[in-house]
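The values are calculated or read from the model by the stated rules, or taken from the named source; none is laboratory data. These numbers come from a predicted model, not from an experiment. For neighbour counting, all protein chains shown are included, and Cβ atoms are generated from backbone atoms with ideal geometry for every residue, glycine included.
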Amino acid sequence: MGGLGAIGNTPLVALELGGGPGEVWVKVEAANPTGSYKDRMALAMIEAAERDGRLQPGQTVVEYTGGSTGSSLAFVCAVKGYPLKIVSSDAFATEKIRTMRAFGAEVELIHSPGGITPQLIPAMVARAAEIAAETGAFWTDQFNNTDMTDGYRRMGEEILEQVDTLDAFCSYVGTAGAFLGASRALRQKLPKLKRVAVEPGESAVLSGKPAGTHHIEGGGIGYWPPQLSPADFDEVIAIPDAEAFATARKAARQHGIFSGPSTGANLAAALQIAAKDQRVVTIQVDSGLKYLSGPLYA
Ligand SMILES: Cc1ncc(COP(=O)(O)O)c(C=O)c1O
């Protein structure tokens, strides 16, 4: 099992906000082995495929990723002995690319100097599909993989064990796996819980706006994620790049929550919800250590 035994059971902490009755609780997912909640879904995708025979011993695994899923898959595949081919881009943090290589993955990059453009994710998906077809590798296909979504249920269950009651849950949407898995588990005990999807202001597709270029990596893919339907959420909050970045920086300095831009977006949305006197839980998606060489902490 090795490092795989360290996945999950992460802390839940409250922010000291002062003032009104609103509360923000943060699930500290940087405590996972690769510093990201993606360890949960990588293990879930691989173990489900092992169980039903889609993945055979020693078979190569392939995936497209901004680098967080890839780092987690590289970690899980290293422990379990599966070679891993990754399609990613230089639009994402260098730390993530290096982490994947550190765990032994073969990484192919698509050049996208402008950031996360609407064309980038489809190009990555197409290349991963091509590799799977050419080599017979097992393609985890995170956006369409329901084992991925189920892998986050435990995160919701842990939150229920850590806090008595909640008014709302908000989370930044990429594949929507974390949002769906956690909110489904939370809703089982708290049927009135408000589920708030978070997306980039510059690519607010869930809010009905056009896709655009943004810098909140891990989400805002420029189209509706296949596993998400409008019935899965009660509200959407769109957070502009600048606010996500500023909130991430402020969270490190004020609260000791050291994270990346997507967590900045989560916290910015959670603060808006708490300002309406709500008790809200959100997620520290991953560690700020993944973003040290980029613009966020420059
Ligand atoms: C840094 C980061 N934040 C947020 C997300 C969004 O999570 P999900 O894909 O579960 O919606 C991801 C997913 O790639 C991510 O890498």
Leu186 vs. criteria buried (at least 22 other Cβ atoms within 10 Å of the Cβ), farther than 19 Å from Leu73 by Cβ, at pLDDT 95 or above and out of contact with any strand residue (DSSP E or B) (no Cβ under 6 Å at 6 or more places or on another chain): no
Looking only at the range 89-112, which residues are crowded, with 24+ Cβ neighbours inside 10 Å and closer than 18 Å to Thr135 by Cα? Ala105
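Kindly indicate whether any position in the range 220-241 is of a type in the set (Asp, Glu), buried (at least 18 other Cβ atoms within 10 Å of the Cβ) and away from the ligand (no atom under 13 Å from the Cβ).
Taking the range 220-241 and keeping what is of a type in the set (Asp, Glu), we get 232, 234-235, 241.
Filter once more, keeping what is buried (at least 18 other Cβ atoms within 10 Å of the Cβ): 241.
Keeping just the survivors that are away from the ligand (no atom under 13 Å from the Cβ) gives 241.
Yes, the range 220-241 has at least one match.
Please count how many residues of the range 54-80 are more than 16 Å from the ligand (Cβ to nearest atom), among the aliphatic types (A, V, I, L, M) and closer than 19 Å to Gly8 by Cβ. Spell out the reasoning first.
Going through the range 54-80, the residues more than 16 Å from the ligand (Cβ to nearest atom) turn out to be 54-62, 77-80.
Remaining after also requiring among the aliphatic types (A, V, I, L, M): 55, 61-62, 78-79.
Still in the list and also closer than 19 Å to Gly8 by Cβ: 78-79.
Result for the range 54-80: 2.
Picking from Leu186, Leu166, Leu193, which residue would you name as being in contact with an Asp or Glu (Cβ under 8 Å, 6 or more places away or on another chain), over 25 Å from Val61 (Cα atoms), assigned by TED's automatic domain parsing to the domain that holds Pro261 and away from the ligand (no atom under 14 Å from the Cβ)? Even if it seems obvious, please write down each step before you answer.
On the way: Leu186 fails: in contact with an Asp or Glu (Cβ under 8 Å, 6 or more places away or on another chain); Leu166 fails: in contact with an Asp or Glu (Cβ under 8 Å, 6 or more places away or on another chain).
Exactly one residue qualifies, and that residue is Leu193.
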Condition first: within 20 Å of Glu158 (Cα to Cα) and within 11 Å of the ligand (Cβ to nearest atom). Now tell me which residues in the range 278-292 satisfy that. Ile283, Gln284, Val285, Asp286, Ser287
Residue hits (the range 230-275; closer than 23 Å to Gly181 by Cα, out of contact with any Pro (no Cβ under 8 Å at 6 or more places or on another chain) and among the small types (Gly, Ala, Ser)) are Ala231, Ser259, Gly260, Ser262, Gly264, Ala268, Ala269, Ala270, Ala274
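Would you say Ala30 is within 16 Å of the ligand (Cβ to nearest atom), part of a helix (DSSP H, G or I) and within 26 Å of Ala274 (Cβ to Cβ)?
The answer is yes for Ala30.
Would it be correct to say that Thr146 is over 27 Å from Gly53 (Cα atoms), exposed (fewer than 15 other Cβ atoms within 10 Å of the Cβ), touching a residue at least 12 places away in the same chain (Cβ under 8 Å) and of a type in the set (Val, Ile, Thr)? Before the answer, list the steps.
Values: over 27 Å from Gly53 (Cα atoms): no; exposed (fewer than 15 other Cβ atoms within 10 Å of the Cβ): yes; touching a residue at least 12 places away in the same chain (Cβ under 8 Å): yes; of a type in the set (Val, Ile, Thr): yes.
The answer is no for Thr146.
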Set Thr175, Thr140: member being outside the structural domain of Gly8 (by TED's automatic domain parsing) and within 15 Å of the ligand (Cβ to nearest atom): Thr140
Taking the condition under 29 Å from Val26 (Cβ atoms), in contact with a Gly (Cβ under 7 Å, 6 or more places away or on another chain), modelled with pLDDT of 95 or more and assigned to a helix (DSSP H, G or I), does Thr69 pass? no
Given (1) within 14 Å of the ligand (Cβ to nearest atom); (2) assigned by TED's automatic domain parsing to the domain that holds Glu23, identify the lone condition not met by Ile121. (2)
